[in-house]
Amino acid sequence: MSTYRTHHCAELRLSHAGSEVTLSGWVASRRDHGGLVFVDLRDREGLTQVVFDPQNLPGSHDLRSEDVVRVRGKVAARPEGTANPKLATGEIEVHALTLDVLNRSETPPWPLDEENVNEDLRLQYRYLDLRRPRMTRHLRLRHAVASAVRAHLDGEGFVEIETPMLFKSTPEGAREYLVPSRVHPGLFYALPQSPQQFKQLLMVAGIERYYQMARCFRDEDLRADRQPEFTQIDLEMSFIEREDLYRLVEGMMRRVWKTALGVDLAIPFPRLSFREAMDTFGSDKPDRRFAMRLVDLTDAFRASAFKVFAGAVAAGGVVKAINAKGFADATQGQIDLLTEHAKAAGAKGLAWIKVEGGAWKSPIVKFFSDAEKAALAERLAVEEGDLILFAADAWAPACDVLGKLRTILAEILRKLGKLRIPENTWDFLWVVDFPLMTFDRDSQRHVSTHHPFTAPVPEDVPLLKTDPTKVRGQHYDLVLNGVELGGGSIRIHQPEVQRMVFEDVLKIPKEIADSRFGYLVKALSFGAPPHGGIAVGFDRLCAILCGAESIREVIAFPKNAKAQDLMTNSPGEAEPRQLRDLRIQAAKPQG
RNA sequence: GGUCGCGUAGCUCAAUUGGUUAGAGCGCCGCCCUGUCACGGCGGAGGUUGCGAGUUCGAGCCUCGUCGCGACCGCCA
């Protein structure tokens with residue numbers, strides 16, 4: 001038995017009354033009555049009230065927040081009327097017989113029970129921040145989720161395999177962290193953005209089912225849900241089709257939700273094509289917990305007197321609208337704000353109608369015919385108090401604009417109490433049938449919508465050379481409550497198809513394709529099995545399960561928004577000697 | 001790189017139109033207190049209002065610059 005404890009601080013109950021126990025932990029709070037001292041002793045499990053008689057234990061007067069102590073004492077039922085129903089151990093207390101101060105604590109820089117505190121400070125003293133029960137809960141939930149994932153994948157025959165952190169620079173995609181090689185001066189490794197290529201090589205190696213809690217690195221600007229290093233549940237399987245993978249991930253998520261929240265998720269998750277998602281929600285990661293669907297009005301305004309609409313249709317575009325129910329009382333400022341967002345999303349302006357006092361108030365409604373008004377009223381189910389917002393443009397930008405407005409409106413209406421987004425609703429879905437290629441106007445060439453290893457849908461392969469943007473990829477995104485949780489694809493496993501994508505479709509010069517991806521194409525040529533996989537954002541997953549706003553809340557030692565670690569003060573300068581060894585000269589910023 | 005927001009005591013926040021010596025709660029220090037659990041009582045310490053200029057008789061408040069932090073946009077195959 002430990003000399004430090006016989007029980008933890010959330011363990012003792014009335015049934016223990018009379019027994020002698022030893023507890024160790026931190027002083028969470030003290031209430032010194034002079035002749036009697038109460039201390040809430042905290043360990044990772046919870047709180048226990050310890051009662052000291054300072055005549056016998058004078059040191060109890062000197063206890064301070066966060067001192068580490070060991071207490072031996074007798075468990076006693078609390079006197080009549082003094083039980084604390086807020087504590088699991090609230091029926092009892094420990095009457096201290098001995099007190100050992102194992103370590104003193106400086107006064108904490110902020111009261112640890114204060115939730116709303118400057119994040120700088122929390123990150124600078126992260127070890128104190130993590131003592132708080134909420135953060136302890138986050139880390140332990142994260143562990144429980146990781147365990148559930150491992151248990152599930154183990155049960156499905158997966159093998160956990162580590163892949164290198166020191167990888168090769170592949171300049172496509174996210175900016176990478178470069179690592180200089182001392183042995184090869186002037187040459188660099190890169191930290192992996194994901195183990196993508198290795199997991200495919202493991203399939204060629206015949207592993208068949210691989211997974212890894214993979215640390216990934218991206219040297220891009222940060223967000224609340226983005227860190228320079230983050231963790232993915234990364235997995236890959238051979239001899240599967242998309243549906244096989246959906247089933248696997250659905251089972252895994254079901255297990256995770258059961259473990260973490262005790263919730264039975266409904267599976268299978270619905271599937272929505274990219275086209276349909278954009279068309280009805282204006283997003284490839286739609287939050288369907290609220291309606292506010294995009295409605296198509298193209299045919300109704302084909303011949304409209306309102307030239308903005310008719311013109312868009314004539315140019316091959318669409319007219320679409322959404323109904324922000326109950327927002328007819330939007331202020332001019334709010335309309336302006338929405339217009340700003342619409343413009344930022346690529347719209348030229350924002351047409352709107354307020355339905356107030358039985359009338360349609362709008363700068364544009366005078367152009368509408370009765371038939372057009374009737375179509376509007378019917379398709380948007382227009383009622384008193386509604387605010388209708390329009391987009392008239394080519395299909396993709398029109399959907400995009402309204403999709404962004406939809407998200408913003410939902411947030412505004414939710415705050416105003418006009419839209420209720422149900423809590424504890426887990427709206428999972430698969431978004432599928434993405435276009436394999438997107439035409440990039442800047443570089444005037446086709447780029448992979450996701451990555452160049454995604455296999456085309458078999459029946460679309462003939463279009464690869466003729467009309468690449470029409471080719472659907474076997475890519476899938478896992479979406480939860482409007483958050484992209486993960487994505488993956490069935491990969492190309494025939495070397496000639498992979499080579500064609502690199503050279504004929506993406507127009508990557510042969511030498512570059514060879515030097516960057518030659519080993520992969522070569523590997524495919526040695527009997528690569530059909531395979532595919534997915535990467536699920538583990539930090540985001542944990543944040544959602546914890547109800548946290550930011551993934552920083554579920555990472556033990558995260559970086560701040562400037563990618564710094566405020567506790568260790570990194571990044572920091574390197575010694576001149578280190579730089580000399582690496583043959584690197586730091587170009588100091590001006591000033 | 002851009003837009004917006006924030007920066008006042010250790011922490012969370014006040015400070016009327018630009019006007020006296022910048023306040024409160026918590027925390028901290030000292031004394032008192034045997035049933036508290038947001039313990040209570042009395043007393044005390046603690047401030048370059050992020051920094052620098054400017055306007056003004058006078059700036060926490062206005063202007064400009066700068067630094068820091070955050071959110072978003074760009075970016076994230």
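A short reminder: the numbers here are calculations on the coordinates, not readings from a lab. Computed from a predicted model, the values in this text were never measured in an experiment. With ideal geometry, Cβ positions are generated from the backbone for all residues, glycine too; neighbour counts draw on all protein chains shown.
If you check A:Ala76 against the conditions, is it within 11 Å of RNA strand B (Cβ to nearest atom) and among the small types (Gly, Ala, Ser)? Quick ask: steps written out before the conclusion?
Numbers: within 11 Å of RNA strand B (Cβ to nearest atom): yes; among the small types (Gly, Ala, Ser): yes.
For A:Ala76, the condition - within 11 Å of RNA strand B (Cβ to nearest atom) and among the small types (Gly, Ala, Ser) - is met.
Being in a loop (DSSP other than H, G, I, E, B) and polar (S, T, N, Q) is the filter; apply it to segment A:545-591 and report the residue that is farthest from RNA strand B (Cβ to nearest atom). Full working, then the answer.
If we filter segment A:545-591 for residues that are in a loop (DSSP other than H, G, I, E, B), which is where we start, we get A:547-550, A:555-564, A:566-569, A:571-575, A:583-591.
Adding the requirement that they be polar (S, T, N, Q) leaves A:550, A:560, A:564, A:568-569, A:585, A:590.
Details: A:Ser550: 5, A:Asn560: 3, A:Gln564: 6, A:Thr568: 14, A:Asn569: 11, A:Gln585: 20, A:Gln590: 11 Å.
Here the residue is A:Gln585.
Yes/no per residue for (1) buried (at least 18 other Cβ atoms within 10 Å of the Cβ); (2) more than 9 Å from RNA strand B (Cβ to nearest atom); (3) closer than 30 Å to A:Ser15 by Cα:
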| site | (1), (2), (3) |
| --- | --- |
| A:Gln55 | no, no, yes |
| A:His61 | no, no, yes |
| A:Val71 | yes, yes, yes |
| A:Ala88 | no, yes, yes |
| A:Val94 | yes, yes, yes |
| A:Leu97 | no, yes, yes |
| A:Asp100 | no, yes, yes |
| A:Asn103 | no, yes, no |
| A:Leu123 | yes, no, no |
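In the set A:Gly251, A:Gly311, A:Gly333, which member is in contact with a His (Cβ under 7 Å, 6 or more places away or on another chain), surrounded by fewer than 18 Cβ atoms within 10 Å (Cβ to Cβ), small (Gly, Ala, Ser) and assigned to a helix (DSSP H, G or I)?
Working: A:Gly311 fails: in contact with a His (Cβ under 7 Å, 6 or more places away or on another chain); A:Gly333 fails: in contact with a His (Cβ under 7 Å, 6 or more places away or on another chain).
Of A:Gly251, A:Gly311, A:Gly333, the one residue that is in contact with a His (Cβ under 7 Å, 6 or more places away or on another chain), surrounded by fewer than 18 Cβ atoms within 10 Å (Cβ to Cβ), small (Gly, Ala, Ser) and assigned to a helix (DSSP H, G or I) is A:Gly251.
Residues in segment A:411-462 that are among the hydrophobic types (A, V, I, L, M, F, W, C), within 23 Å of the chain's Cα centre (by Cα) and outside any helix (DSSP H, G or I): A:Ile421, A:Trp426, A:Phe428, A:Leu429, A:Trp430, A:Val431, A:Val432, A:Phe434.
Please go through segment A:134-180 and pick out each residue that is small (Gly, Ala, Ser) and in contact with a helix residue (DSSP H, G or I) (Cβ under 8 Å, 6 or more places away or on another chain). Within segment A:134-180, A:Ala144, A:Ala146, A:Ser147, A:Ala148, A:Ala151 qualify. Please determine whether any residue of segment A:166-178 is more than 16 Å from RNA strand B (Cβ to nearest atom) and of a type outside the set (Lys, Arg). Yes: segment A:166-178 contains one or more residues that are more than 16 Å from RNA strand B (Cβ to nearest atom) and of a type outside the set (Lys, Arg). Residues of segment A:537-544 include at least one that is within 11 Å of RNA strand B (Cβ to nearest atom) and outside any loop (DSSP other than H, G, I, E, B).
Look at segment A:507-543 and say how many of its residues are in contact with a strand residue (DSSP E or B) (Cβ under 8 Å, 6 or more places away or on another chain) and among the aliphatic types (A, V, I, L, M). Show your work before the answer.
So in segment A:507-543, the residues in contact with a strand residue (DSSP E or B) (Cβ under 8 Å, 6 or more places away or on another chain) come out as A:507, A:529-541.
Remaining after also requiring among the aliphatic types (A, V, I, L, M): A:534-536, A:541.
Of the residues in that region, 4 qualify.
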